[in-house]
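Visitor: Here it is: the structure, laid out below.
Read-outs throughout are calculated quantities, based only on the coordinates presented, and are distinct from any laboratory measurement. Quick caveat: nothing in here was measured; it's all calculated off a predicted structure.
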Amino acid sequence: MRLPRSLTAGAVMAGAALALYVHRRHQATGEGYLQVLKQLPSDAQRWATTTRERAVKAIEDGRAAARDREDQLTRQLEAARPASAPLA
């Protein structure tokens, strides 16, 4: 009983989201509703590509920041070590 209700609720929410997207796009561009629907697959593909590129850039930036932080910590540790302490 719970699964059909959940599927129905999900379908209603997806339909509402689609209707909201189409309506907002229509208002922003003046295109007809059918034209907006026809462009939906290419819009989704463009969004996915943009999201993927942003994720890759964020990962690269994060790795670079982590390397910089590791270098900074290494320099701090080396500066704090007494000159007569043996290297570990």
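Visitor: Given a 10 angstrom Cα cut-off, can you work out which residue in Gln39, Gln72, Gln27 is the most mobile in a GNM of the chain?
Guide: Answer for the Gaussian network model of the chain: Gln72.
Visitor: Here's something else I'd like to know. Can you compute the helix-only [θ] at 222 nm over the chain? Use -39500 (n - 2.57) per DSSP H run of at least 4 residues, normalise by all residues, nearest 500 deg cm²/dmol.
Guide: On the way: 2 runs with 76 residues, N = 88.
Mean residue ellipticity at 222 nm (helix-derived): -32000 deg cm²/dmol.
Visitor: What percent of all Cα-Cα pairs in the chain falls into each 10 Å bin, going from 0 up to the bin containing the maximum distance?
Guide: For the chain, the binned pair fractions read 13, 20, 18, 16, 11, 10, 9, 2 percent.
Visitor: In whole Hz and in residue order, list the ³J(HN,Hα) couplings for the stretch 34-48 that follow from phi through the Karplus curve 6.51 cos²θ - 1.76 cosθ + 1.60, θ = phi - 60°; x for Gly and Pro.
Guide: 5, 5, 5, 5, 5, 8, 4, x, 5, 5, 5, 5, 5, 4, 5
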